[in-house]
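Here's the structure we're looking at; comments come further down.
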Amino acid sequence: MVTTALRLSAYRLPAWKRGMDLALGGIVLFLSAPLFALCWAAVRLTSPGPALHWSRRVGKDNRLFDMPKFRTMHIGAPQVATHLLPQPKSYLTPIGALLRKTSLDELPQLFNVFIGEMSLVGPRPFFEADFSEYEDRHFRRLDAKPGITGLWQVSGRSEVLDFEDVIFLDRQYIEQWSFWLDVSILFRTIPAVLRRTGAF
């Protein structure tokens, strides 16, 4: 478990950020509804099992929440509990590799945004087990709501594999946080997804 000795952050979510999450998230969800349905059907029709895979993550102020993704792996395939290691291709379903390359597997996380567990932009939520290796400075990344996209994603994601580099990007985002930084990351996310930069 995440240590109870950790302080609760004094960091507060500005109203504009929550408003942007709801407004832009709603637009994206509305426009992507047909794509959402297509991905759901593709997963169900190409491999046995549910369309969504749920995993327990840790968000702002050490709060646990369940995060969905479109399932990209075969049922029973071992999970690698870190964002910093790609899954072996043999674990992926026929449609799973495509969903990961295009980042469409992340689409269901828009629902986490709507209920306030995540933001459109922020540090990616790690697994609870990852915290066993954390030092005090690493917990600074829990001062912000986790995001669907962030500096790590637009900086290459799987090309940035060193844990300290990931933590540096998360802290840089938190310490330099502004409306325009969020807008910049959102705009940089679009070409990063189209180029499939760092996707695995």
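Here are the numbers for this structure:
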| item | result |
| --- | --- |
| Qualifying residue in segment 58-78 (condition: at pLDDT 85 or above, in a helix (DSSP H, G or I), aliphatic (A, V, I, L, M) and closer than 24 Å to Lys17 by Cβ) | no |
| Segment 173-197, residues that are assigned to a helix (DSSP H, G or I), modelled with pLDDT under 90 and surrounded by fewer than 16 Cβ atoms within 10 Å (Cβ to Cβ) | Glu175, Ile190, Pro191, Leu194, Arg195 |
| Residues satisfying the stated conditions in segment 86-124, i.e. in a loop (DSSP other than H, G, I, E, B), touching a residue at least 12 places away in the same chain (Cβ under 8 Å) and within 20 Å of Leu29 (Cα to Cα) | Thr102, Ser103, Gly116, Glu117, Met118, Gly122, Arg124 |
| Considering residues of segment 38-49 that are loosely packed, with under 14 Cβ neighbours inside 10 Å and not small (Gly, Ala, Ser) only, the residue farthest from Leu92 (Cα to Cα) | Leu38 |
| Residues (free of Cβ contacts under 8 Å to residues at least 12 places away in the same chain and either of a type outside the set (Gly, Ala, Ser) or part of a loop (DSSP other than H, G, I, E, B) (or both)) located in segment 27-55 | Ile27, Phe30, Leu31, Pro34, Leu38, Arg44, Leu45 |
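The values are calculated or read from the model by the stated rules, or taken from the named source; none is laboratory data. Everything numeric here is computed off the predicted structure, so don't read it as measured data. Please note: Cβ atoms are built from the backbone with ideal geometry, for glycine as well, and neighbour counts cover all protein chains shown.
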